[in-house]
Amino acid sequence: MENPCPKKRIVNSVSKGILASQRGIVLPPNEQALFVCKDLSYSIGKKKILKQVSFSIFRGEISLLRGDNGAGKTTLLRAILNHDRHKNCFTFQNRLSAVKISYLGHELGLYTSLSLEENLRYFLSIAKIQYSKEKVETLLRAFQLWTRRLDPIFTFSRGMKQKAALVRTLLTGGDLILLDEPFTALDRSGLETAIRLLNEYSQNSAVLMVTHDPGISFGRRTVSLTLKEGNLETSILSSP
């Protein structure tokens, strides 16, 4: 595997979002980029998965990461999650130390033998976040899981497990929320609820989400990031 960031460099123009402006993107006014990725490359054997990928992410913004199967979407999310391994490529708000990141991948990260409430208490304690019955109840009622909070996860349907994982991710959320196909197995009601909650939670955070759904829409600034043959194309989908 090649070194993803062969040259040590620090991004000095985060506040101006230079990586985005070089691509002709209209930037949010008077805002600093929460997160900047510059020249990230990644190979497996002789196959180049990511080729000098560069982009910026802002608070209050939802970025939709698209691409064919095997394009490197999950690889990119995991690289951000494991940013310590790629320090020379990532800058967080003008510093090299990381902002708080919450992640929901293909593996839902739930202990099936524990109840939903036990799972939430455990993950909140790991994140050093105080358990708030009010916040928990609000989210669980929104996803119609409140009456099942004391039931073990193994009794849940696939869609219910996805909702539970979304609740866990939102409760332990932070500055940057990474989501890999978060709407898998959701019914229409669950999808609408998830979109509404992501709109709310992204007011003070940034969301980077892998999705194959071309029709998905949010009520705030949305950016499309498309991976194709290792290269990243960026465009604005909406800017309320």
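Using the average count of surrounding beta-carbon atoms within 10 Å as a protection proxy, the listed peptides 52-60, 184-192, 84-92 rank, highest first, as 52-60, 84-92, 184-192. With R₀ set to 30 Å, the beta-carbon distance separating residue 155 from residue 100 gives a calculated FRET efficiency near 0.40. Summarising the overall dimensions of region 137-222 from its C-alpha atoms, the Rg and Dmax are 12.7, 38 angstrom. Placing a label point 7 Å from the Cα of residue 200 along the Cα-to-Cβ line, the residues of region 155-185 whose backbone N sits under 20 Å from it are 160-179, 182-184.
Each residue of region 206-220 was assigned a 3J(HN,Hα) from its phi angle through the Karplus expression (A = 6.51, B = -1.76, C = 1.60, θ = phi - 60°), giving 10, 10, 10, 10, 7, 8, 9, 7, x, x, 5, 9, 10, x, 9 Hz with x at Gly and Pro.
Considering only Cα atoms, the convex hull volume of region 111-158 works out to 74 Å³ per residue. Subtracting the Cα-Cα distance of residue 48 and residue 127 from their residue separation scaled by 0.36 nm leaves 25.0 nm.
The simple spin-label model puts a point 7 Å past each Cα toward its Cβ; for residue 217 and residue 231 those points are separated by 3.1 nm.
Packing here is the average count of other Cβ atoms within 10 Å per residue, and on that basis the peptides 64-77, 216-229, highest first, run 64-77, 216-229.
Cβ crowding within 10 Å ranks 125, 205 as 125, 205, fewest other Cβ atoms first.
Read the figures in this text as sums done on the coordinates, not as results from a lab. What you see is a predicted model; the values in this text were computed from it and never measured. Cβ: placed from backbone, ideal geometry, glycine included. Neighbour counts: every protein chain shown.
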